[in-house]
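These notes concern the structure reproduced below.
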Amino acid sequence: MATSSAWKLDDHPKLPKGKTIALIVLDGWGESAPDQYNCIHNAPTPAMDSLKNGAPDTWTLIKAHGTAVGLPSEDDMGNSEVGHNALGAGRIYAQGAKLCDIALASGKIFDGEGFKYVSESFEKSTLHFVGLLSDGGVHSRLDQLQLLIKGSAERGAKRIRVHILTDGRDVLDGSSVGFVETLEADLAELRENGVDAQIASGGGRMYVTLDRYENDWEVVKRGWDAQVLGEAPHKFKNAVEAVKTLRKEPGANDQYLPPFVIVDDAGKAVGPIVDGDAVVTFNFRADRMVMHAKALEYEDFDKFDRVRFPKIRYAGMLQYDGELKLPSRYLVSPPEIDRTSGEYLAHNGVRTFACSETVKFGHVTFFWNGNRSGYFNEKLEQYVEIPSDSGISFNVQPKMKALEIGEKARDAILSGKFDQVRVNLPNGDMVGHTGDIEATVVACEAADKAVKMILDAIEQVKGIYVVTADHGNAEDMVKRDKSGKPALDKEGKLQILTSHTLKPVPIAIGGPGLSEGVRFRKDLETPGLANVAATVMNLHGFVAPSDYEPTLIEVVDKN
């Protein structure tokens, strides 16, 4: 690939080129005080522990939530998508929730082409909303759904159906009941004003609709059957009764509630999606909407038998896959992330290897590259996906594919074919989300072993390592009260935390290839994930573009 002057990076005056760099992202690996609920602290993690010995020069903490990753406020937890966007882009972009907040606050969301498209069904057909009913702010927000429903009714929607997916992952298990009651109150008010508005179906997010990376299409099928066909193993007259009843089943929780449909007095489903209807998926985060979007939009679809494929007007809250143009219609335009670090490095001849297992493969490729699929230069890049376990909860096999990822990275480093080897180790996040503390400890140990494997390979080739994380999770597995003590529910039981956290994440640099005098700067007030891209560019021997967030490192004369 020829490098035009627009893409040419200047050489760094004090840092040489040519060293192999291992870039390791530990998913869900934050830094928190040690206690019995800090799974990272309680796990044997000698590799990661050894890196702390370099503090403050070669080990420090950076911010991975809130405004540092483009989210609306400091109360917003980071997530893997925005984290990897920031890590790869080197700049902070307004992200999903914030973009939607702006569009809703201004009313522009109702003036856009996406809303105009779905509104053409208002006169004669039903408007359906499908998404995660939660205020967690990771995939969706209840207040945004409320504004969408209210705004749609004000603009002519006469018949509205909501297909809810309960959370319990980014928020406390059991909070689903309160969310459903809030939504039902809103819908009742609409009915009083002449709008036929009801909840039509539901189910738990990890069991119904919201699979990702084509890990288990049966999850999507269960949602399709309830939402489109009006068929589910459980039928109820109202959603509050449905959620309360299904939560009483042995081992039940919000994440894994079975699918249900709401029926009328004659036992008929009140809101299946049919020809002529409009459908809006109101999640703003992309990863758990893509598969469902394919089922709704693709005429040529073979992942499961849809039985019938209604002709609908469908729009996503955002476009969930820019490369696939999926969905083709959306209410809010996604951030336009250009000139990512991966693209710059490809134009400057840096050979890159990226690897993870299925559940996080898109994060070290698609999200890292600015929500862009495919290679920048297939002659210089190789992306390897290791299939994740399917059909089981991640705490059943908490080691996941960490060692396989480590082996692939090790082999790539030792091959001498790559200048950068980039991996994501998902264990801390994916197992942390299950709320299983014992399994999460095992998960963190496995990730650490993979880190050790990669660091050993870097030692052999006299390269450089950069080890960091995308957000917190496994470092705090319990909800805290205002004093910081573990919180108890009304029955006196510990409230396990399954969501991400607001904790900072570590970053470490080192290896025999690290130039003498390189250390973390002390003059950056609040460094965050977006500062990593310029840092890595420096370690490759380049100066980052001037509009990137500043590098984390400096070179000092030790004489």
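Scanning the stretch 137-173 for residues that are under 23 Å from residue 220 (Cα atoms) and part of a loop (DSSP other than H, G, I, E, B) returns 137, 138, 139, 140, 141, 167, 168, 169, 170, 171, 173.
A Cβ distance below 8 Å, combined with a sequence gap of six or more or placement on separate chains, defines the contacts here; from the stretch 180-202, residues that are charged (D, E, K, R) reach residues that are in a helix (DSSP H, G or I) and at pLDDT 95 or above in the pairs 181/240; 184/239; 184/240; 186/146; 186/149; 186/150. Remark: pairs (first residue in the stretch 207-223, farther than 13 Å from residue 132 by Cβ; second residue among the β-branched types (Val, Ile, Thr) and in a loop (DSSP other than H, G, I, E, B); Cβ separation under 8 Å; 6+ apart in sequence or on different chains) = 219/208; 219/209; 220/209; 222/208; 222/209. Taken over the stretch 4-63, residues that are among the β-branched types (Val, Ile, Thr) and assigned to a loop (DSSP other than H, G, I, E, B) amount to 3. Within the stretch 500-548, being surrounded by fewer than 18 Cβ atoms within 10 Å (Cβ to Cβ), more than 29 Å from residue 429 (Cα to Cα) and among the β-branched types (Val, Ile, Thr) holds for one residue alone: 543. Return yes or no: is residue 208 of a type in the set (Val, Ile, Thr) and open to solvent by 10 Å² or more (accessible area, probe 1.4 Å)? Answer is no for this residue.
Per the listing 331, 318, 324, 296, the residue uniquely of a type in the set (A, V, I, L, M) and surrounded by fewer than 21 Cβ atoms within 10 Å (Cβ to Cβ) is 324. Failed condition for residue 445, given (1) touching a residue at least 60 places away in the same chain (Cβ under 8 Å); (2) within 27 Å of residue 511 (Cα to Cα); (3) open to solvent by less than 10 Å² (accessible area, probe 1.4 Å), with all others met? (3) is the only condition that residue 445 fails.
In the set 396, 442, 431, 421, only one residue is within 30 Å of residue 348 (Cα to Cα) and β-branched (Val, Ile, Thr); that residue is 421. Of everything listed in (1) within 26 Å of residue 454 (Cβ to Cβ); (2) modelled with pLDDT under 95, the single unmet condition for residue 558 is (1).
Specify the residue that is surrounded by the most Cβ atoms within 10 Å (Cβ to Cβ); the eligible residues are those in the stretch 157-174 that are touching a helix residue (DSSP H, G or I) at 6+ places or on another chain (Cβ under 7 Å) and small (Gly, Ala, Ser). Among those residues, the one meeting the criterion is 168.
Give the residues of the stretch 348-392 that are small (Gly, Ala, Ser) and in contact (Cβ under 8 Å) with a residue 60 or more places away in the chain, sorted by residue number. 349, 354, 356, 362, 370, 388, 390, 391 - these are the residues of the stretch 348-392 that are small (Gly, Ala, Ser) and in contact (Cβ under 8 Å) with a residue 60 or more places away in the chain.
Would you point out which residue out of 522, 482 is at negative phi and without any contact (Cβ under 8 Å) to a residue 24 or more places away in the chain? Only one candidate qualifies: 482. For the condition more than 25 Å from residue 312 (Cα to Cα) and in contact with an Asp or Glu (Cβ under 6 Å, 6 or more places away or on another chain), what is the one hit in 193, 253, 238? 253 is the lone residue from the list that is more than 25 Å from residue 312 (Cα to Cα) and in contact with an Asp or Glu (Cβ under 6 Å, 6 or more places away or on another chain). Among the criteria (1) open to solvent by less than 70 Å² (accessible area, probe 1.4 Å); (2) of a type in the set (A, V, I, L, M); (3) farther than 15 Å from residue 22 by Cβ; (4) within 22 Å of the chain's Cα centre (by Cα), the one residue 364 does not fulfil is (3). Taking helices (runs of 4 or more DSSP H) as the structural unit, those lying wholly within the stretch 251-370 and holding at least 1 residues that are modelled with pLDDT of 95 or more and among the aromatic types (Phe, Trp, Tyr) correspond to 341-347, 358-361. Note on the stretch 228-267: among residues that are over 10 Å from residue 201 (Cβ atoms) and acidic (Asp, Glu), the one that is most open to solvent (accessible area, probe 1.4 Å) is 265. The single condition from (1) within 21 Å of residue 366 (Cβ to Cβ); (2) charged (D, E, K, R); (3) buried (at least 21 other Cβ atoms within 10 Å of the Cβ) that residue 76 fails is (1).
The values are calculated or read from the model by the stated rules, or taken from the named source; none is laboratory data. Since the model is a prediction, treat every value here as computed from it, not as a measurement. Cβ atoms come from the backbone with ideal geometry, glycine included; neighbour counts cover every protein chain shown. Calculation scope for accessible area: heavy atoms of the full protein, side chains included, ligands and nucleic acids excluded. Shrake-Rupley method; radii C 1.70, N 1.55, O 1.52, S 1.80 Å.
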